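Encoded as structure tokens, the structure appears first; notes follow it.
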Amino acid sequence: MPKVPSPFSLSWMALSLLMVSLLGFVCALLPLGTAPTLIILSVVGGILYGVRARRLPVLLTSRETLRGPLLPLVLCLLLGAVSVLWTPVRKEGAAQLLTFLYTVVPFLFWIGTVREVDERRRWLLIRWTALGMVVGLAIFAIEILGHQPIYRLEKALEGTKLDNDRAMNRPAVLFATLAWPVGLALARLAWVTGRGAFARLPLPSAMPVFPAGKSMPWAWVLPLAFFLISLGGSSASARVGLAAGLVFYGLARLSAPLARTVLIVALVAGPTLCVPISLGLHRAGLTEETRMPWSFRHRVEIWDVAARRILEKPLFGWGLDSSRNIPDEGQVSKFHPESPIIPLHPHNIFLQVLLELGVVGGVLYTWMAVSLAWMTRRLPAYAQASALAAMAATIAVGCFSYGAWQTWWLCGLMLAIGLLELNLPAGWWARPVATVQPAPVRPMSGRAPSTGRRPAARRR
């Protein structure tokens, strides 16, 4: 049979290596640039793949994907498109729908191509990604612990006045999720340190096989270090997310099925209980409790207003991207009298989905999230704890921080999924759950993975 050419050209690899090595720097100093960087990688990479392969990635046509998160995602997009008809400002709803289309659709194509990358290309990409992310995390640590010396140097070189410190909250919440797949990658690098993991960065050498059924040691080190660094920053959401991730990681190391069950229960309880909890917190007078942080008191006020608006249109919501445009009925915020009562978004992912897409959207969103959590059971044992921890960190951040539809935040989450995929063995998705580990491969350098014993002499 004629040999089938690889769908991954030299141009595809060059583009991917360039982008993934820059993403750490972008996340640390230009977090809003995460969106254009990933979109360019997805669009151009998808075109290069399509020209060479002349077919759709298997991920987009497999039955498991269609039965899992892809179907509810498509239904969510369709509901969002229809809801533009009744959203308060149709122009903004249509703009948000367009943003979804040029962000999510190319990403689905890109993650499908990444899933088909062979073992050698995966190992090359994850080494460069890990190196770039470590540089980004180091830059973030310098900015937080050194009172932003890079920002001050930038202002001095520009000759402009130093008004306010650069906001580091966006990089903090990005790394709260990205720390888990990056930590897993560094743990794998540490496991093969004696095999020249970084010494052969430019070479497409294959990844030595991790023992089947084992958990990857030390994958928690980077997230824990980042949590300690984040204590010096101003983002409480990042600290909460990292803490939730560490708790779930520890639980998953004890029992991955138990951690998965707890996560699924939380995903179902979120949209079910967010409205009564929001109303209850406000009735308890927490907005007047001066011992609570100012930002939390303000959120309690926002959550109460959002919950009451949800009860006004519970089935299909107010429409896509309606949070910032819902009539305030003369209400004025105690904390920002000059701003709308709901500033931009409700600062809670469950409330925002229910507010804009109603109970129907909440069901679809929960279906998609639960499907992703359930699919983690198919991952190799060494990756399950990190994947569950990343999901828990994302949910925790989403409960307190940025809007559910903000493009840079969505791209950060999609990037985390891509990095996790690169950490997995090639073809893992096509194997039964009990045998997800690949067959042993020998690195191109000619050295076999170390087993603690001296390798036998090579026969001539």
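The values are calculated or read from the model by the stated rules, or taken from the named source; none is laboratory data. Model, not experiment: these values are computed from the prediction. Every residue, glycine as well, gets a Cβ built from its backbone with ideal geometry; the counts of neighbours run over all protein chains shown. Keep in mind that these areas ignore ligands, DNA and RNA; they rest on the heavy atoms of the full protein, side chains included. Shrake-Rupley method; radii C 1.70, N 1.55, O 1.52, S 1.80 Å.
With protein chains left intact and a 1.4 Å probe, residues in the range 260-328 average 48 Å² of accessible area per residue. Relative contact order of the range 331-411, taken over Cα pairs closer than 8 Å and 6 or more residues apart, is 38 percent. Working note: Karplus 6.51/-1.76/1.60 with θ = phi - 60° gives the range 119-126 the couplings 4, 5, 5, 4, 5, 5, 5, 6 Hz, where Gly and Pro are set to x. Phi angles across the range 332-344 convert, under the Karplus curve 6.51 cos²θ - 1.76 cosθ + 1.60 with θ = phi - 60°, into 3J(HN,Hα) values of 10, 5, 5, 9, 9, x, 8, 10, x, 4, 10, x, 6 Hz, Gly and Pro given as x. Note on exposure: ARG52, ARG309, ARG67 ranked by accessible area (1.4 Å probe, complete protein assembly) read ARG67, ARG52, ARG309, with the most exposed listed first. Heavy-atom accessible surface of the range 1-91, averaged per residue, reaches 55 Å², computed with a 1.4 Å probe. Heavy-atom accessible area, probed at 1.4 angstrom with all protein chains present, ranks GLU338, GLU301, GLU288, GLU116 as GLU338, GLU288, GLU116, GLU301, highest first.
Hey, can you find the accessible area per residue of the range 99-161 for me, probe 1.4 Å, expressed in square angstrom?
Counting only protein heavy atoms, the per-residue value for the range 99-161 is 42 Å².
Each peptide in 375-385, 83-93, 239-249 was scored by the mean count of other Cβ atoms within 10 Å over its residues; highest first, the order is 239-249, 375-385, 83-93. Can you give the net charge of the other residues whose Cβ lies under 9 Å from the Cβ of VAL89, counting K and R as +1 and D and E as -1? Computed value for this residue: +1.
Given their separation in residues at 0.36 nm each and the Cα-Cα distance between them, TRP218 and LEU56 gain 54.6 nm when the chain is fully extended. At 37 °C and 0.692 mPa s, what whole-number value in µm²/s does Stokes-Einstein give for the translational diffusion of the range 1-106, with Rh from the Kirkwood sum over Cα pairs? Answer, rounded: 200 µm²/s. Ranked from largest to smallest solvent-accessible area, with a 1.4 Å probe on the protein heavy atoms, PHE8, PHE335 come out as PHE335, PHE8.
Shown for the range 47-193: the carbon plus sulfur share of the solvent-accessible area, taken with all protein chains present and a 1.4 angstrom probe, equals 65%. Extending 7 Å from Cα along the Cβ direction at ARG377 and again at VAL135 yields two label points whose distance is 4.2 nm. In the context of the full protein assembly, SER230 retains an accessible surface of approximately 10 Å², using a probe radius of 1.4 Å and ignoring ligands and nucleic acids.
Under the classification rounded if a/c is under 1.5, otherwise prolate if a/b is larger than b/c and oblate if not, where does the range 278-410 fall, given a ≥ b ≥ c as square roots of the Cα gyration tensor eigenvalues? Prolate shape, in that a/c is at least 1.5 and a/b is the bigger ratio. Taking θ as phi - 60° and the Karplus parameters 6.51, -1.76 and 1.60, the scalar couplings of the range 222-239 work out to 5, x, 5, 4, 5, 4, 5, 5, 5, 4, x, x, 9, 8, 5, 4, 5, 5 Hz in sequence order, x denoting glycine and proline.
Cβ-Cβ distance of LEU30 and ALA236, R₀ of 30 Å, FRET efficiency by 1/(1 + (r/R0)^6): the value works out to about 0.85. Figure legend: label point modelled 7 angstrom from the Cα of ASN169 along Cα→Cβ; residues of the range 286-305 with amide N under 16 Å from it are 293-303.
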